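These notes concern the structure reproduced below.
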Amino acid sequence: MIEVLAKLGRGPVFLAGEVLECVITFTNPLSASSTSASSEMLAWASAQIHCQFHASENRVALPPSDGSKHDVQAENETVFVPNRGERGQCILSTPPKILFCDLRLDPGESKSYSYCETLPIDGPPSFRGQSVKYVYKLTIGCQRVNSPIKLLRVPFRVLVLHGLKDYQFPQDEAVAPSNPFLEEEEGLKKDSRLADLATELLMVATSRRSLHLYNISNTRGKVGTFCIFKTVYKIGEDVIGTFNFSEGDIPCLQFSVSLQTEESIQEEFQRRRGQPVSFSTHARHQEACLHTAQSSFSLPIPLSSTPGFTTNIVSLKWRLHFEFVTSGESAETCLVRGSQPEAITWTGVEQMEVDTFSWDLPIKVLPTNPILASYVSQFSSTNSIAI
């Protein structure tokens, strides 16, 4: 038996365009003193990154795929198909890289190999929606002689930041900060600069603040005003807004704010013409606000959520969804005087005419530093298999 261990050194979340580095260790676990100890042989091992696309048949109408299915592994087949047995279509893959040929491991011996590959910058982000899924995996295939191929799949998450694709790194390396006492490979140096550039672009885009003031009104008059200081955020940030009901003509009894994503299929791929879009709620704030002059809310954008994006099949947008419940009467009629003679008390009315209306405010959600997103990732940095 040979144990295969794959470890992503920096965590399971990456930006498109970064270099993914994985250390793959092959171990013969039997000690030399074991009575059944013997050398183990592997014919070859190879690794490749691929992105699987899966669509709901009830929501998405895809053209027929020309790719042949490889769901059965022949006993003597030596063709490395990393997406063998996977659901959906392989829409993106990197060239396979051979790790070794004819590896012999003595009892207790281990050998490690480093796999490095640049993630395609024009691919879709990782996404698990109601209609489609984009899933990235690093697949390591290895085979004994005259035995079926064994596959070790290492899932990871990819974030896409628009604008990195068109950036040209300066030719003069002297302008870039470097440590003369450390030797850096060119690929790792560029990868580090790419992450720094992404962090800088995200900071510039999400730090701009300007007052956005909106009047809240229905057919009967003004309810209040809503204030928000920015509409561009990173995942992991909080969306903060304030309400002012003191200048309203119509009493607001209750409001709710929901942080939602809107998943829509492009028209040419819709299963039914005019089919509704899919909404997902990630955070919600609800508050009773009768006789409240001012109020506020704070909704966190989960680090595990997907920033907004658009592909040829699906688009994902973010929004704040507001719902207001207003009184059909004046503020004075919302209270009634009690019957106690010694003191005056006021209580709420038992019945009241109300009006409800909603409002949607689009916002933009961008990725964040992939190292930060790795802390809450559902994927593990280490995966293993026994052959």
Can you tell me which residues in segment 87-106 are in a strand (DSSP E or B) and over 12 Å from Phe26 (Cβ atoms)? Gln89, Cys90, Ile91, Leu92, Ser93, Lys97, Ile98, Cys101, Asp102
Looking at Thr261, Thr306, Thr281, Thr292 in this structure, which one is β-branched (Val, Ile, Thr), closer than 16 Å to Ile363 by Cβ and assigned to a loop (DSSP other than H, G, I, E, B)? Thr306
Among residues belonging to segment 209-258 that are among the aromatic types (Phe, Trp, Tyr) and free of Cβ contacts under 8 Å to residues at least 60 places away in the same chain, point out the one that is nearest to Ala293 (Cα to Cα). Phe245
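For segment 17-35, which positions are open to solvent by 10 Å² or more (accessible area, probe 1.4 Å), at pLDDT 90 or above and over 17 Å from Ile2 (Cα atoms)?
Val19, Glu21
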Please work out if Ser217 is of a type in the set (S, T, N, Q), farther than 30 Å from Val132 by Cβ and surrounded by 15 or more Cβ atoms within 10 Å (Cβ to Cβ). yes
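Do we find a residue being at pLDDT below 75 and either in contact with a strand residue (DSSP E or B) (Cβ under 6 Å, 6 or more places away or on another chain) or within 20 Å of Leu119 (Cα to Cα) (or both) anywhere in segment 58-66?
Scanning segment 58-66, I find at least one residue that is at pLDDT below 75 and either in contact with a strand residue (DSSP E or B) (Cβ under 6 Å, 6 or more places away or on another chain) or within 20 Å of Leu119 (Cα to Cα) (or both), so the answer is yes.
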Evaluate segment 107-119: report whether one residue or more is open to solvent by 70 Å² or more (accessible area, probe 1.4 Å), at pLDDT below 90 and outside any strand (DSSP E or B). no
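The values are calculated or read from the model by the stated rules, or taken from the named source; none is laboratory data. Bear in mind that the values here come from a model prediction, so they are computed numbers and not experimental data. Using ideal geometry, Cβ is built from the backbone for each residue, glycine included, and neighbour counts are taken over all protein chains shown. Note: accessible area is taken over every heavy atom of the protein model, side chains too, but ligands, DNA and RNA are not part of it. Shrake-Rupley method; radii C 1.70, N 1.55, O 1.52, S 1.80 Å.
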